[in-house]
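Notes to accompany the following structure.
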Amino acid sequence: MQHQKLMIASLASLLVILCVRRVRDSWVGWFVRGEFWFGITMFLRDYARVYTMHLAAGTASAYWRIVLARSSVTAEAVAPALLLLGAIALLEAGVVRRGTVVLATGATLGSCVLTAWHAVVPLMAYYSRYPISTLIAALDPYSQAGFYLAFFSALLAVKKARESPATGPSWQRSPSNLHGNSDWMPISAARRKFQAGGIIIGEAYRPDRDPKVGGKAPLLRYDGEVGSGHCLVFAGSGGYKTTGVGIPCTLEWSDALVYLDPSAEVFPMVRAAREALGHRVVSLNPEDGRVGFNVLDWIDTSTDRSLMDIQAVVAWLAGERVDERNDDYFKHAARGLLGCLLADILFAPGLLPEEKTLGLLRRRVALPIPELRQLLEDIYAKGDSYGFGFPAQLAGNLKDITEKQFAGFYGEAGNLTAWLAVPSLARLVCGSSFETREILSGELDVFINVPLKVLQSNPQVCRLILGALLNAAYEARGKISGRILFLLDEVARLGYMGILETARDAGRKYGINLLLMYQSLGQMTATWGMQGRQAWFDSSYLKLFGCLQDVSVAEFLSKACGEFTAVSQGYTHGSGSSTGSATSKSSSTHETTSEQQLVRRLIKPEEILQTLRDDEQIVLISNCRPLRCGRAIYFRRPEMLSRTQSNEFQQISRIAAR
Ligand SMILES: Nc1ncnc2c1ncn2[C@@H]1O[C@H](COP(=O)(O)OP(=O)(O)OP(=O)(O)O)[C@@H](O)[C@H]1O
Ligand SMILES: [Mg+2]
């Protein structure tokens, strides 16, 4: 009967704690909590002992009857550890705070002490008559076993509680939306929204809640049709951009693909998988030396639109700047010279299409000055009927310039095209392995494998290649088989490229999807400026952030995720007394419970920097709630791993579960 009374007392305490908020938040609450734990501990001990005795009574074998009866004391000692197990499970589920585990540990230790006390007290009478070693040897082994078991479970619980984050319901979401109502997009909603397509955004699970699902959860797929169709990826160096976005997209995207892969790590891994789709896969790599295409073959000289195209090609050659100014005379005149010579090459009726290349432009720019002046005279003489008058007008501007000034822009034009004198680089943009318009068939994949060193010193190579492929899509005016995904890793190295802005703003209509990967927001600002960066953010449908190390990005992201209204509860208790006269004295006590509505960020910058796992990301989606989900790291997914060839960059590394 005793244990039933204890149980009733404990449950009554629990009810008081749960229902009477005023008590819960005061020192009385701690007293009631203590009472609950004491009651429940005593109940469990009592019940475990009685139950084991009951089992013993029903056992036929005399030996086991004795063992069970004697082990009732062990069961009695260990029973409160069950409570501890429950408290740890609830702590891990985020239902209770560490304090609950501390109280449960205290209860288990208390049970140890009681068991020890019951074992030691009968021997105390013999203390003066026998040596201590004899008394220890006489201790009941069943009590000892109970003591040690309960003691070590308490130790383990302390260890576990220290490792667990001090999570728990430290605040509650308010039903009001006074300070905002931001929340994460539910994973089920994300699955419904992103169920088809070849752009792999991530995995449909919450790594902060369910980390074991990583690599097994369903993929979140985007088809590039909804919204602007463009994506931005931000992750620090080694932040799973290539392995978590680049390779998965390459494996799943079924239409034409252009992949800027300067370290040439992705091409050998996915080549077979892309070929298995029936695609022709080419790698533009100067070290390979065989593959190249004519980056001028898309220019249609039958209309005067070609004049704008010629100027665009000159801009890619000469390098554009976001804050372009016209204060550099030589650079400007050099562009005029390049435009004039290029127009003359493209409109020349006597040249075969395969002869109209940048290689020929370079050879003409490198002519000695007198010969070049003569060439300009000849172009000028061709008059207004030739090439819509464009070459003649540019030649007219340049041909009579003084010797000194001519030498200035002649030198500048020579510098701008100097890289075309390197055969392996020139071959990339003057070759004939394929035609630019083949990309429209939806069955050509181009990997731009220009090494980082070359990309750094001669970004023009990649600008020309990308510009030609993007323009091929424009010229098609939507007559493309499927869409073209431009997946640009290390895109910051390209520098400013006006054509990417055009692709961003009008690309969706022309079947172009851009996926740009940056290591930081700073890289993006350096290329596009603050306003340009804003424009990219406004017109990208998805923005993926993972593995962030930059405080300003964390601040930006935290702000973008928004705020919600939280409830904080406060309790104050006080008493006072006052003496009015010699005969009158009054005293008062007051208790106040208050509920305050506070504003809280959905995720704080320090939480992004310190607690976001490496395999976790936050996705900002236009006009939707932010999404917190896993990353589709290809080497964690057996079905993807089996479709890739081994990676020479592969290192055995495990994802740090911070
Ligand atoms: N097959 C693999 N098995 C295990 N770890 C790998 C494998 N391939 C890459 N990694 C590791 O995954 C991490 C992320 O690599 P990844 O190339 O995706 O980074 P990144 O964001 O593209 O970096 P960077 O900006 O330097 O290109 C690295 O620590 C890398 O060592
Ligand atoms: Mg990479």
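Below is a table of values for the structure above.
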item: Per-residue [θ]222 nm for the chain (sum of -39500 (n - 2.57) over DSSP H runs n ≥ 4, rounded to 500); result: -15500 deg cm²/dmol
item: Dipole of the chain [Lys/Arg +1, Asp/Glu -1 at C-beta], most positive-end residue of Leu360, Tyr510, Thr242; result: Thr242
item: Restricting segment 412-506 to GluC sites (Glu not before Pro) in coil, as DSSP defines it, with at most 15 other Cβ within 10 Å; result: Glu435
item: Cα-Cα separations in the chain greater than 42 Å, expressed as whole percent; result: 50 percent
item: Residues Ser481, Ser182, Ser540, sorted so that the one with the fewest Cβ neighbours within 10 Å comes first; result: Ser481, Ser182, Ser540
item: Degrees between helix 98-124 axis and first principal axis of the chain (Cα, 0 to 90, nearest 10); result: 30 degrees
item: Pairwise FRET efficiency - Phe31 versus Tyr127, Cβ, R0 = 60 Å, nearest 0.05; result: 0.95
item: Förster-model FRET efficiency, 25 Å R0, Val158 and Leu598, C-beta, rounded to 0.05; result: 0.20
item: Residues of type lysines that Lys404 reaches as a straight line, Cα spacing below 17 Å, ignoring anything fewer than 8 places off in the same chain; result: Lys331
item: Full-extension gain in nm, Glu275 to Leu352, via 0.36 nm per residue minus C-alpha separation; result: 24.5 nm
item: Set Lys453/Lys479; Lys193/Lys241; Lys241/Lys604 screened for pairs whose C-alpha atoms are more than 25 Å apart; result: Lys453/Lys479
item: Simple spin-label estimate for Gln534 and Ser432 in nanometres, 7 Å along Cα-Cβ; result: 5.1 nm
item: Label point at Ala89 placed 7 Å out along Cα→Cβ; residues across segment 197-226 whose backbone nitrogen lies under 20 Å; result: 209-213
item: Tyr51, Tyr518, Tyr130 arranged by Cβ crowding within 10 Å, fewest neighbours leading; result: Tyr130, Tyr51, Tyr518
item: Approximate spin-label separation Ala366-Trp64, in nm, with each point projected 7 Å along Cα-to-Cβ; result: 9.6 nm
item: Point-charge dipole on Cβ atoms (K/R +1, D/E -1) for the chain, about Cα centre, debye to 20; result: 3060 debye
item: Virtual spin-label span in nm between Asp223 and Arg290, 7 Å along Cα→Cβ; result: 3.8 nm
item: Order of Glu403, Glu265 under a 10 Å beta carbon neighbour criterion, fewest first; result: Glu403, Glu265
item: Relative contact order, percent, segment 348-455 [alpha-carbon distance under 8 Å, six or more residues apart]; result: 29 percent
item: Sites Asn623 and Arg209, calculated FRET efficiency, Cβ-Cβ separation with R0 25 Å, nearest 0.05; result: 0.50
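Values in this text are rule-based calculations from the coordinates and carry no lab data. Quantities reported herein were computed from a predicted structural model and do not represent experimental measurements. Cβ atoms come from the backbone with ideal geometry, glycine included; neighbour counts cover every protein chain shown.
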